[in-house]
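Below you'll find the structure, written out as structure tokens, and then a few comments.
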Amino acid sequence: MPEPRILLSGLGIPESPRWHHGRLWFCNWIDRQVVAVDMDGTAQVMVNRDPGSHPMGFSIDWLPDGRLLMTGEKLRRQEPDGSMICYAEQRASEIVVDSRGNAYINGADFDFVAGAPPKPGYIKLVTPDGQLRQVAGDIQFPNGMVITPDGGTLIISESFAGRLTAFDIDADGGLSGRRVFAEGLGPDGICLDADGAIWVQTGGFSVVRVAEGGEILQRVELEENRAPFALMLGGPDRRTLFICTAEWHLADSHVANLDRLTNGPRTGEILALPVEVPGTGWP
């Protein structure tokens, strides 16, 4: 495969990449921004979060009517005038919205950034009428999620378990049929392609394309100390793999790494790599 090119640099921790209306949108953690960048690297800040909000742990997706949802201390919705209103009184990290407007959010009730002991996490559902309920529990550090194009399956990263876990999506939006999609990985933010494979992290400085059952189909090696946080297939034909990265030292604790990223140089980059199989599904 060709080498990834740097699309954008000088970022905090780029996370939650989404291909939307011809640009790659992403959350620029540390600097509390939502940014959109086009294929030539021209970037525009779309949302500035409250300076008092947590600098990490927020993500984005859109309702079918085009309004932006953003997680964090609460789930918020952006109105046509640009204002942000409370959509659900629920702290959350990752989000994915399906074609029906069901918003799946996840989180875990412990302070990861501060190094607190881990607790199992959850997936919760916010329906279009505003109802909130838990649809899955005992998730070992819930992270990125994708939904298949038929709307029938949700796949989530369980980062602390090193696996991808799949659920059937029921008619009422509930989740059932829990099963392992693939394991022996280091999953974070993931994306799905048209062959049903998932681009996912390995826990080191590489990303792989993995089939259901765990077969590794492709591997992309990154530079030493260049950790991939999140992945998205986009571009005009969705055949560009965007890799959101930042400097990370495996010998240091995650608390030390996050402190350096917060208070030190902005080492975040978005890499772009052409691939053969296009992206599909949500986000």
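Quick notes
- Helical content alone sets the calculated 222 nm signal of the chain at -1000 deg cm²/dmol, taking -39,500 (n - 2.57) per DSSP H segment of four or more residues and averaging over every residue.
- Extending 7 Å from Cα along the Cβ direction at ASP252 and again at GLU215 yields two label points whose distance is 4.0 nm.
- ARG178 accessible area, 1.4 Å probe, all protein chains in place, Å² to nearest 10: 100 Å²
- When only alpha carbons are used to place a centre, segment 262-283 and segment 206-256 end up 8 Å from one another.
- Counting only Cβ charges, +1 for Lys and Arg and -1 for Asp and Glu, the dipole size of segment 152-268 around its Cα centre is about 180 debye.
- Counting Lys and Arg as +1 and Asp and Glu as -1 over every other residue whose Cβ lies under 12 Å from the Cβ of GLN218, the net charge comes to -3.
- Counting 0.36 nm for each residue step from ILE85 to GLN44 and taking away their Cα separation leaves a gain of 12.5 nm.
- Phi angles of segment 110-126 translate, via the Karplus equation with coefficients 6.51, -1.76, 1.60 and θ = phi - 60°, into HN-Hα couplings of 8, 8, 4, 4, 7, x, 5, x, x, 10, x, x, 8, 10, 10, 10, 10 Hz per residue; Gly and Pro are given as x.
- Distant-in-sequence amide contacts of GLN90, defined by a placed amide H-H separation under 5 Å and a gap of 5 or more residues or a different chain, comprise LEU75.
The values are calculated or read from the model by the stated rules, or taken from the named source; none is laboratory data. This is a predicted model, so every value here is computed, not measured. Virtual Cβ from ideal backbone geometry, glycine too; neighbours counted across all protein chains shown. With ligands, DNA and RNA removed, areas are computed over all heavy atoms of the protein, side chains included. Shrake-Rupley method; radii C 1.70, N 1.55, O 1.52, S 1.80 Å.
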